[in-house]
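Asks: Submitted below is the structure of interest, expressed as structure tokens.
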Amino acid sequence: MGMTMTQKILAAAAGLDYVEAGQLIEAKLDLVLGNDITSPVAIHEMDKFKEEKVFDKDKIALVMDHFIPNKDIKSAEHCKCVREFACKHEITNYFDVGEMGIEHALLPEKGLTVAGDVIIGADSHTCTYGALGAFSTGVGSTDMAAGMATGKAWFKVPSALKFVLTGKPAKWVSGKDIILHIIGMIGVDGALYKSMEFVGDGISYLSMDDRFTIANMAIEAGGKNGIFPVDEKAVAYMEEHSKRPYKIYQADEDAVYDEVYTIDLSTLRPTVSFPHLPENTKTVDEITEEIRIDQSVIGSCTNGRMEDLRIAAEILKGRKVKKGVRCIVIPATQAIYLQAMEEGLLKIFIQAGAVVSTPTCGPCLGGYMGILADKERCISTTNRNFVGRMGHVGSEVYLASPAVAAASAVTGKISSPEELEA
């Protein structure tokens with residue numbers, strides 16, 4: 001019986017020739033990630049271990065991104081805790097104000113994640129790095145602490161779902177629409193503790209930004225991880241951003257999958273996830289009522305990359321944000337912010353009546369930079385729309401692509417970009 005791509009990576013990390021779904025293994029880690037919310041908890045757990053050293057100062061990444069620059073005293077204390085820990089242990093990859101970014105955009109950009117890696121992070125969207133052919137998954141802060149101390153983690157080997165992507169998506173259909181379609185199809189628990197493995201000729205039409213978005217939201221279907229095969233685009237990305245060696249794994253032809261889904265990307269339409277679960281999806285053609293919005297957010301670890309900003313700028317150029325709508329654009333990293341500035345995108349956003357924020361998770365988790373009041377509606381390129389996710393429990397969050405979020409900011413209601421072209 002063959003192994004899936006994920007199973008092959010885990011077998012190698014565990015020093016085994018073969019693993020199967022359900023097997024418990026101890027695997028060596030290539031990277032341990034924490035942020036300003038989860039790292040303090042892990043640090044306090046390490047104190048309980050009475051562990052004086054980390055396993056490898058070069059294989060730990062601490063990214064201050066959720067409440068940075070600090071929004072209040074508590075967040076300042078959290079960051080101070082992490083800052084002191086990073087200094088004490090001489091952590092190489094510590095990112096604070098001025099060089100920070102949203103962690104899941106920053107680490108690939110910095111070349112810290114490559115194909116074949118085993119990565120854990122005390123943040124559920126750590127599954128993002130599967131876009132590069134790595135096994136990456138979110139863990140709790142206690143597991144992060146153990147990982148920082150030992151360089152190892154226990155895993156139950158996941159079974160897998162195969163998603164065969166075929167065809168070429170239409171102009172305004174992006175990776176966000178693809179993953180929202182999939183979540184709408186299988187549900188928020190449809191991939192519970194399973195590896196979501198994406199294959200097919202349709203992948204060649206997906207940019208790396210598209211793939212990062214899709215892998216990022218595997219967790220929203222309950223997945224343990226999402227992963228893509230390593231093709232020319234992935235290799236080019238790694239060679240541009242990283243000096244680390246990478247290893248390409250391929251699933252065996254006789255690998256076992258719990259289910260196989262075939263999706264013709266050419267048939268997909270821009271898709272919106274309605275409150276209060278990511279699985280509550282409708283295409284723009286299925287939205288019959290007028291849904292007026294108060295806010296549009298374009299950013300996050302899901303959709304704050306360069307391609308996302310270019311798409312939003314293409315729609316906002318020469319147009320104005322609807323009076324009464326707040327449009328907030330958040331570049332995911334300092335490098336993306338700088339490139340957007342050099343390309344003139346920030347000027348387009350500001351002239352349209354949007355605001356541009358420093359890189360931060362910000363409103364995605366109800367942190368700051370865009371909290372919602374009671375009965376307010378927000379269309380957002382973020383990844384979750386649970387009750388109270390972005391503020392008041394009486395508010396509503398609609399998930400969408402940068403194209404739909406930008407078009408909606410112009411019209412003041414949930415809209416397809418095609419409406420502006422008519």
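The values are calculated or read from the model by the stated rules, or taken from the named source; none is laboratory data. As the structure is a prediction and not an experimental result, all values here were calculated from the model. Here the Cβ positions follow ideal geometry from the backbone for every residue, glycine too, while neighbour counts run over all protein chains shown. Surface areas here come from the heavy atoms of the whole protein model, side chains and all, with no ligands, DNA or RNA. Shrake-Rupley method; radii C 1.70, N 1.55, O 1.52, S 1.80 Å.
Asks: Using alpha carbon coordinates only, what is the Rg to Rh ratio of the stretch 49-194, with Rh defined as the Kirkwood radius?
Replies: 1.01
Asks: May I pose another question? Express the relative contact order of the chain as a whole percentage, based on alpha carbon pairs under 8 Å and six or more residues apart in sequence.
Replies: 17 percent
Asks: Could you work out the helix-only [θ] at 222 nm for the chain, with each DSSP H run of four or more residues adding -39,500 (n - 2.57) and the total divided by the number of residues, to the nearest 500 deg cm²/dmol?
Replies: -9000 deg cm²/dmol
Asks: So, for the chain, what is the accessible surface per residue at a probe of 1.4 Å, expressed in square angstrom?
Replies: For the chain, the per-residue accessible area is 39 Å².
Asks: To continue, here is another question. In whole percent, how big is the carbon plus sulfur part of the accessible area of the stretch 260-401, probe 1.4 Å, protein atoms only?
Replies: Accessible surface attributable to carbon and sulfur in the stretch 260-401 totals 52 percent.
Asks: Evaluate the relative contact order of the stretch 79-227 (contact order divided by residue number), counting alpha-carbon pairs under 8 angstrom at least 6 apart; express in whole percent.
Replies: Relative contact order, the stretch 79-227: 25 percent.
Asks: Something else about it: What are the lysines whose alpha-carbon lies under 18 Å from the alpha-carbon of K243, with same-chain residues fewer than 8 places away excluded?
Replies: Correct list for K243: K57, K59, K110, K233.
Asks: May I pose another question? Using a Cα-Cα cut-off of under 24 Å, which lysines could be cross-linked to K53, ignoring same-chain neighbours fewer than 8 residues away?
Replies: By straight Cα distance, K53 reaches K28, K80, K88, K152.
Asks: From the Cα gyration tensor of the chain, with a ≥ b ≥ c the square roots of its eigenvalues, which class applies: rounded if a/c is under 1.5, or else prolate if a/b is larger than b/c, or else oblate?
Replies: Oblate, because a/c is 1.5 or more while a/b does not exceed b/c.
Asks: Taking only the alpha carbons of the stretch 1-91, what extent do you get along each of the three principal axes, in Å, biggest first?
Replies: 55, 27, 21
Asks: Got a number for carbon plus sulfur as a percent of the stretch 169-246's accessible area, 1.4 Å probe?
Replies: Answer for the stretch 169-246: carbon and sulfur cover 55 percent of the accessible area.
Asks: Related question: Cα-based count: Lys pairs in the stretch 272-422 below 13 Å, eight or more positions apart or different chains?
Replies: Pairs that pass both the separation and distance tests number 4.
Asks: Further question: Using a cut-off of 16 Å between alpha-carbon atoms, which aspartates and glutamates can reach K74, once sequence neighbours fewer than 8 places away in the same chain are excluded?
Replies: Result set, ordered by chain and number: D36, D65, E84.
Asks: Are there trypsin sites (Lys or Arg not before Pro) in the stretch 195-260 that DSSP marks as loop and that have at most 16 other Cβ atoms within 10 Å, and which are they?
Replies: Those satisfying the criteria are K243, K247.
Asks: Provide, for the stretch 154-215, the number of lysine pairs with alpha carbons under 25 Å apart, each pair being eight or more places apart or on different chains.
Replies: 5
Asks: What are the trypsin sites (Lys or Arg not before Pro) within the stretch 341-422 that DSSP puts in a loop, where the Cβ has at most 10 other Cβ atoms within 10 Å?
Replies: Answer in residue order: K375.
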